[in-house]
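The values are calculated or read from the model by the stated rules, or taken from the named source; none is laboratory data. Everything quoted here is computed from the prediction, not taken from an experiment. No Cβ is skipped: glycine too gets one built from the backbone with ideal geometry, and neighbour counts run over all protein chains shown.
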Amino acid sequence: MHIAGHPQHLSAQQRELIELAATLGREKFAPRAESHDRDATFPFDNYEDLRQAGLLKICVPKASGGLGADFATYVMVAAEIGRHCGATALSYNMHVCSCLWSGLIADALDMTPEQRADHEANRAIHYANIVERGAVYSQPFSEGGAAAAGKAPWGTLATPVEGGYAVTGKKIFASLAGAADFYGVLCTLDRPGATQRDSLYLAVPAQADGVSVVGDWDPLGMRGTVSRTLLLQDVFVPHAARLMPEGLYWQAAARFPHMFATLSPTYMGIAQAAYDFTVAYLRAEVPGMPKVLRRMYPTKQIAVADMRIKLEQTRALFLQNARDATVDPDKDTRMRLYAAHYTIMENAQALAALAIRTCGGQSMLKSLPLERLYRDARCGSLMLPWTAELCVDRLGRECLYEAGERDEEIE
Ligand SMILES: Cc1cc2nc3c(=O)[nH]c(=O)nc-3n(C[C@H](O)[C@H](O)[C@H](O)COP(=O)(O)OP(=O)(O)OC[C@H]3O[C@@H](n4cnc5c(N)ncnc54)[C@H](O)[C@@H]3O)c2cc1C
């Protein structure tokens, strides 16, 4: 079954890239997923495969030597990877965002001609790092305070110095810590009275003086992301390290909200995988398991029907969301986006839980992938800026208030 729907609705590039991701996922990533999960090791081997397949440059524009995939194509490919290894798909998303945000999203935003020219020159350097040298970028923005939820300026500061910036701060849950070549750090331009608008998105070389990775990493799920803590102490980066012009992240977050929705395709893939496993298990087709059929029991059939309904609901919103991504979406589109993101994150864990209940005790043994899917699925709705709680929070407010409305105005 295709997560992306019937192939006839896909472009030739979409079909080709989804098939490529499916083959890599099935043949390479799935067999390695158990050991990366058990040992909480970063899947360098999977990244070498992504590099060889050209998938690291999926969202680098064609003019810069990349594959030029659009938003919809990328999320479909990401979901296919997530079906086979959640940690690879989630960390791959951090890498791809460095290209999406500096690429098609930045192209849709307002810049002065000088900013646009400067941005073109800067991003050409980063795209060459990826296209020519196979560099991997990550995206540490979480700090453990209110900034990642969009409620305060970043605590990580970029102080203007001769030729560039000196960056100081701490990022928690930095997926690809110790594995990426560049950390795409969100920070605040250090100047008097700086607000959230004074945001900066800088590519910090992993080898730069003042960069260190600290702390352990022994979480419930998504263990292969190796999301340890990143410390930055007076790290010099040149002006060309800007992945977006000063202040543009703020505009992007306000005008292109789908930029945050790229976290959910991984979990769409996990939801699909939980369903796939259940069907195979009930049909006695899971390799290494005794050939005991369970599909003839009405309770199993009802459970699997319930799973399929949840999966189709999830997929429908996922695909709608993929098509909707645009600058300045109208209010309905924005609300559907929150609903879609919430649904994918929550249904992934609901489906994984149902899968274990339906398949039964033997299915949660560590020799099978289902218990990993269950643990990985639990992580989705925790991810800022759009945790399940914050999606509900935004949706509830926007259902009841039009822009700028205040309760005091009602007599
Ligand atoms: C596997 C994994 C990989 C990750 N990878 C990355 C990464 O690569 N880069 C990165 O930057 N981050 C990453 N994160 C971090 C993630 O996005 C969150 O920042 C992190 O999980 C937040 O944890 P916290 O306990 O500090 O959240 P808190 O900020 O303490 O929030 C706890 C909960 O309170 C709610 N909440 C928070 N703020 C508000 C508010 N203002 N109003 C109402 N409710 C609020 C939210 O629902 C949130 O879930 C990753 C997380 C996981 C689990």
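Of the strands (runs of 3 or more DSSP E) that lie entirely inside segment 150-234, those containing 2 or more residues that are within 14 Å of the ligand (Cβ to nearest atom) span 164-174, 182-189, 199-205.
Looking across segment 280-304, the residues that are buried (at least 16 other Cβ atoms within 10 Å of the Cβ) and part of a helix (DSSP H, G or I) come down to 281, 282, 300, 303, 304. Of the residues making up segment 317-331, those that are outside any helix (DSSP H, G or I) and among the charged types (D, E, K, R) are 328, 330.
The helices (runs of 4 or more DSSP H) located wholly in segment 29-130 that include 2 or more residues which are crowded, with 21+ Cβ neighbours inside 10 Å and under 15 Å from the mean Cα position of the chain (by Cα) occupy 71-82, 86-100. Return yes or no: is residue 223 among the charged types (D, E, K, R), surrounded by 21 or more Cβ atoms within 10 Å (Cβ to Cβ) and closer than 23 Å to residue 41 by Cα? So residue 223 passes the test. Residues that are within 22 Å of residue 345 (Cα to Cα) and away from the ligand (no atom under 16 Å from the Cβ) within segment 78-130 comprise 79, 80, 83, 84, listed in sequence order. Scanning segment 131-161 for residues that are within 21 Å of the chain's Cα centre (by Cα) and of a type in the set (A, V, I, L, M, F, W, C) yields 131, 135, 136, 141, 146, 147, 148, 149, 154. For segment 345-377, which positions are more than 13 Å from residue 274 (Cα to Cα) and either under 22 Å from the mean Cα position of the chain (by Cα) or within 9 Å of the ligand (Cβ to nearest atom) (or both)? The answer is 345, 346.
Quick grid of which residues meet (1) within 15 Å of residue 79 (Cβ to Cβ); (2) of a type in the set (Lys, Arg):
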| position | (1), (2) |
| --- | --- |
| 290 | no, no |
| 310 | no, yes |
| 322 | yes, no |
| 326 | no, no |
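Checking segment 162-175 against the condition returns no match, with no residue being within 17 Å of the chain's Cα centre (by Cα) and farther than 30 Å from residue 214 by Cβ. Listed by first and then second residue, the pairs with beta-carbon distance under 7 Å, at least 6 apart or on different chains, first residue in segment 38-51 and farther than 12 Å from residue 175 by Cβ, second buried (at least 18 other Cβ atoms within 10 Å of the Cβ) and among the hydroxyl-bearing types (Ser, Thr, Tyr), are 46/88; 50/92.
Scan segment 245-291 for residues that are under 21 Å from residue 126 (Cβ atoms) and away from the ligand (no atom under 16 Å from the Cβ) and jot them down. Across segment 245-291, the qualifying residues are 245, 246, 247, 248, 250, 251, 256.
Kindly indicate whether residue 111 is touching a strand residue (DSSP E or B) at 6+ places or on another chain (Cβ under 6 Å) and touching a residue at least 60 places away in the same chain (Cβ under 8 Å). No, not satisfied. State yes or no: is residue 240 over 24 Å from residue 122 (Cβ atoms) and either hydrophobic (A, V, I, L, M, F, W, C) or modelled with pLDDT of 95 or more (or both)? Taking the combined requirement at face value, the residue does not satisfy it. Considering every residue within segment 134-144, establish whether at least one is within 16 Å of the ligand (Cβ to nearest atom), assigned to a loop (DSSP other than H, G, I, E, B) and small (Gly, Ala, Ser). Yes, segment 134-144 contains a residue that is within 16 Å of the ligand (Cβ to nearest atom), assigned to a loop (DSSP other than H, G, I, E, B) and small (Gly, Ala, Ser). Pairs are defined by a Cβ separation below 6 Å, a sequence spacing of at least 6 or placement on different chains, a first member in segment 315-339 that is of a type outside the set (S, T, N, Q), and a second member that is surrounded by 17 or more Cβ atoms within 10 Å (Cβ to Cβ) and not in a helix (DSSP H, G or I); the pairs so defined are 327/256.
Residues in segment 392-402: is at least one among the hydroxyl-bearing types (Ser, Thr, Tyr), more than 13 Å from the ligand (Cβ to nearest atom) and outside any helix (DSSP H, G or I)? Yes; the residues of segment 392-402 include at least one that is among the hydroxyl-bearing types (Ser, Thr, Tyr), more than 13 Å from the ligand (Cβ to nearest atom) and outside any helix (DSSP H, G or I).
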